[in-house]
Amino acid sequence: MATIKQALMQANTLQQVSESWKLDAELLLAEAIGQSREYLFTWPNKELTQSQFEKFDTYCGRRLTGEPIAYILGRQAFWDFELLVNPAVLIPRPETELLVETALELLDKPATAVVLDLGTGSGAIALALAANNRHWTVTAVDSSESALGVAADNAKLLQLSNIEFIQTSWCDGLPVAHFDLIAANPPYVEAGDKHLSEGSLPFEPIAALVARENGLADIRAIAEQSRHCLKKNSWLLIEHGFQQKQAVEKTLVDTGYANIECVKDLAKLDRLTKAQWLH
Ligand SMILES: C[S@@+](CC[C@H](N)C(=O)[O-])C[C@H]1O[C@@H](n2cnc3c(N)ncnc32)[C@H](O)[C@@H]1O
């Protein structure tokens, strides 16, 4: 049977689908043998068992179809923890940590903030906010029952009890003038966008990605509906496409928000917009 080093070399076929194929192979092999990546470098000449090799081979086969590593491993790093993920949820992106950071800056940790995450998916944003301040009350909403199941499992793993999950469409049925901050990373890709057939996107839920009206329908619905749920002087934070800054700003102006400001990510792309509800 192949050694660790030989198995990693044989995985060079992953070059066809991944620029980071060496890292991919290491992550998949570590998973197949139930060890850390460090173990692979410490014991390169250790022989794999038949079943370890077969497992690794199966994982590589899945990766060769383009399936993202996060779905094969069933987990993804976000903020300062690992989240369970499966194809019912979007794989949380590092850019979305900017939304969490901005929310934490805006609320400056008041002891008892009441926060809402619209379209929670794996629970990434809601869980990061709930974990960062255990005295905050966090509500996480999604229209997908299976996504909420994943988010609830993540809350259990992180032992967070200051979070509740509600299945609804955006703010439908949520309390009026109740929240200090609403965060949302909604679907914002235009139907037919060429990126939908690239990278991990073909494997991710279409309802998490695509929105009508050139990708703006859900952002518009959230801006409109959030007004009723926000307290006086509270904040709405929306992640959006880097080319949507102006359209999002117009929506927020038209729906009566103030102090509207776009925040750029590390790549200097317009990544999210914050707006205050003063009424
Ligand atoms: C882009 S994903 C964001 C997931 C997660 N918040 C993150 O940042 O990784 C958008 C999420 O919105 C949910 N969604 C789509 N339409 C919705 C609606 N009308 N009401 C509530 N959630 C919706 C999808 O199921 C999906 O989980």
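Only the coordinates and a few stated rules stand behind these numbers; no lab work does. Values in this document were obtained by computation on a predicted structure and should not be read as measured data. Using ideal geometry, Cβ is built from the backbone for each residue, glycine included, and neighbour counts are taken over all protein chains shown.
Against the definition (β-branched (Val, Ile, Thr) and within 12 Å of residue 182 (Cα to Cα)), how does residue 222 come out, yes or no?
Criteria met by residue 222.
Just for strands (runs of 3 or more DSSP E) wholly inside the stretch 198-279: which have at least 1 residues that are on the phi > 0 side of the Ramachandran plot?
Answer list for the stretch 198-279: 230-239, 258-264.
Given the options 51, 36, 18, name the one that is closer than 23 Å to residue 89 by Cβ and of a type in the set (Gly, Ala, Ser).
18
Please go through the stretch 191-236 and give me each residue that is aliphatic (A, V, I, L, M) and closer than 21 Å to residue 102 by Cα, ordered by number. Show your work before the answer.
Of all residues in the stretch 191-236, those aliphatic (A, V, I, L, M) come to 191, 196, 201, 206-211, 216-217, 219, 221-223, 230, 236.
If the condition is that a residue be aliphatic (A, V, I, L, M) and closer than 21 Å to residue 102 by Cα, then 219, 222, 223, 230, 236 are the ones that fit.
Select from the stretch 30-58 the residues that are buried (at least 19 other Cβ atoms within 10 Å of the Cβ) and closer than 12 Å to residue 2 by Cα and write down the one among them that is nearest to the chain's Cα centre (by Cα). Steps first, answer last, please.
Of the residues in the stretch 30-58, the ones buried (at least 19 other Cβ atoms within 10 Å of the Cβ) are 32-33, 40, 48, 52-53, 56.
Next cut, closer than 12 Å to residue 2 by Cα only: 48, 52-53, 56.
Values: 48: 34, 52: 31, 53: 31, 56: 27 Å.
Across the stretch 30-58, the extreme among qualifying residues is 56.
Please work out which one of (1) among the small types (Gly, Ala, Ser); (2) within 21 Å of residue 262 (Cα to Cα); (3) surrounded by fewer than 20 Cβ atoms within 10 Å (Cβ to Cβ) is the condition residue 119 fails and give its number.
Failed condition: (3).
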